[in-house]
Amino acid sequence: MRKTKDLSAARAQQPQASRPKAAASNAESAELSELRPGQSIELLKELHILTRDGRLNQDSRRKLKQVYHLFNFIEPLLTELATTDQGPTLADHGAGKSYLGFILYDLYFKALGHGHIYGVETRAELVDKSRLLAQKLGFERMSFLNVSVAESTGADELPARIDVVTALHACDTATDDAIAFGLQKQARAMVLVPCCQAEMAACLRQGKALQLSRTPLAELWRHPLHTRELGSQVTNVLRCLYLEASGYQVTVTELVGWEHSMKNELIIARYTGQKKRSASERLRAILEEFGLDKALGARFGLKPEARDTQVAVELVQD
């Protein structure tokens with residue numbers, strides 16, 4: 001009993017300042033334990049994922065969780081492609097502040113000793129900041145282009161072939177532009193998280209009255225909220241079919257839990273060279289069912305069918 005009293009007295013005599021300091025140190029250690037081994041603390045502070053005193057807030061923890069989860073999918077693809085002293089090369093579209101690019105470089109490319117990351121972003125101020133940060137950290141095999149996803153296809157700064165294409169939350173048709181980029185650059189893998197698709201919904205709204213009289217399926221997009229949701233769903237289905245028709249094996253999964261982001265669909269495509277004719281046929285059938293084959297067929301790689309071409313030729317001859 002006396003020993004317990006002595007211990008309590010000793011604690012009472014302990015300087016008050018040392019207790020918060022020890023608690024803060026334990027909290028910081030717990031937060032740092034969430035980071036990947038070898039992760040640069042300086043980088044995370046520069047990206048404002050960690051505060052200057054090395055802490056994680058709720059928003060940065062959510063952002064870091066998303067990037068780490070995406071890294072888990074991308075790292076095996078990079079490892080498969082890192083078979084030469086040159087590759088792999090990766091183009092990150094809609095890079096923003098380049099969280100993904102910098103963390104990929106820090107955790108993978110830095111130790112690999114070769115390979116290159118290209119960040120594509122339309123906001124000049126973010127491109128300038130990314131260039132300065134890469135220079136400050138000595139990330140020499142990172143380049144940043146101030147162009148749109150569509151413009152990047154013809155950019156001289158990019159090589160003729162890119163191994164991996166990523167597009168994290170690329171809005172509306174930017175995801176389609178990233179797919180078109182990947183096809184032209186003969187990408188061996190694409191990792192896509194689509195966001196805010198509006199083009200399909202706009203097309204569905206235009207012909208809504210006609211479609212309601214033609215098919216009961218039009219009830220699926222009669223209400224404006226359903227139009228937007230269905231447009232997003234159908235767009236991603238068509239993207240997957242387009243990739244399969246172009247020779248890719250496609251996997252669709254969640255990026256993180258829905259509580260973290262509503263834009264949560266992750267599309268992973270690996271090139272196999274086996275083009276699925278059935279995927280192309282189903283893609284065309286879906287577009288025709290929704291009355292969108294003429295408006296969006298070209299976007300998904302569909303050529304006019306022979307009968308349409310013959311009608312056009314006859315009209316020209318008349």
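Only a single item in (1) closer than 26 Å to TYR248 by Cα; (2) surrounded by 20 or more Cβ atoms within 10 Å (Cβ to Cβ); (3) among the hydrophobic types (A, V, I, L, M, F, W, C); (4) in contact (Cβ under 8 Å) with a residue 60 or more places away in the chain is not met by LEU81, and it is number (2). Looking only at segment 190-213, residues that are among the polar types (S, T, N, Q) and either crowded, with 20+ Cβ neighbours inside 10 Å or in contact with a Phe, Trp or Tyr (Cβ under 8 Å, 6 or more places away or on another chain) (or both) come to 2 in all. Is it fair to say ALA174 is buried (at least 19 other Cβ atoms within 10 Å of the Cβ), closer than 30 Å to LEU78 by Cβ, modelled with pLDDT of 95 or more and not acidic (Asp, Glu)? When the stated conditions are applied, ALA174 does not pass them. The residues listed here are LYS65, LYS97, LYS129; of these, the one that is free of Cβ contacts under 8 Å to residues at least 40 places away in the same chain, closer than 22 Å to LEU50 by Cα and of a type in the set (D, E, K, R) is LYS129. Going by the conditions given, is GLU244 without any contact (Cβ under 8 Å) to a residue 12 or more places away in the chain, in a helix (DSSP H, G or I), of a type in the set (D, E, K, R) and surrounded by 14 or more Cβ atoms within 10 Å (Cβ to Cβ)? Spelling it out, it is not the case that GLU244 is without any contact (Cβ under 8 Å) to a residue 12 or more places away in the chain, in a helix (DSSP H, G or I), of a type in the set (D, E, K, R) and surrounded by 14 or more Cβ atoms within 10 Å (Cβ to Cβ). As a summary of the residue check, SER148 satisfies the conditions (1) in contact with a Gly (Cβ under 7 Å, 6 or more places away or on another chain); (2) without any contact (Cβ under 8 Å) to a residue 40 or more places away in the chain; (3) hydroxyl-bearing (Ser, Thr, Tyr) except for the one numbered (1).
For segment 109-126, the set of residues classified as surrounded by 19 or more Cβ atoms within 10 Å (Cβ to Cβ) and touching a Gly at 6+ places or on another chain (Cβ under 8 Å) consists of PHE109, GLY115, ILE117, GLY119, VAL120, GLU121, listed by residue number. Among the residues making up segment 271-285, a single one is out of contact with any Phe, Trp or Tyr (no Cβ under 6 Å at 6 or more places or on another chain), outside any helix (DSSP H, G or I) and either modelled with pLDDT under 95 or crowded, with 18+ Cβ neighbours inside 10 Å (or both): LYS276.
From ASN26, ASN72, which residue is at pLDDT 85 or above, of a type outside the set (A, V, I, L, M) and either assigned to a helix (DSSP H, G or I) or farther than 30 Å from VAL250 by Cα (or both)?
Numbers: ASN26 fails: at pLDDT 85 or above.
That would be ASN72, the only listed residue that is at pLDDT 85 or above, of a type outside the set (A, V, I, L, M) and either assigned to a helix (DSSP H, G or I) or farther than 30 Å from VAL250 by Cα (or both).
The values are calculated or read from the model by the stated rules, or taken from the named source; none is laboratory data. Predicted model only: the values in this text are computed from it and were never measured. As a convention, Cβ positions derive from the backbone with ideal geometry for all residues, glycine included, and neighbour counts pool all protein chains shown.
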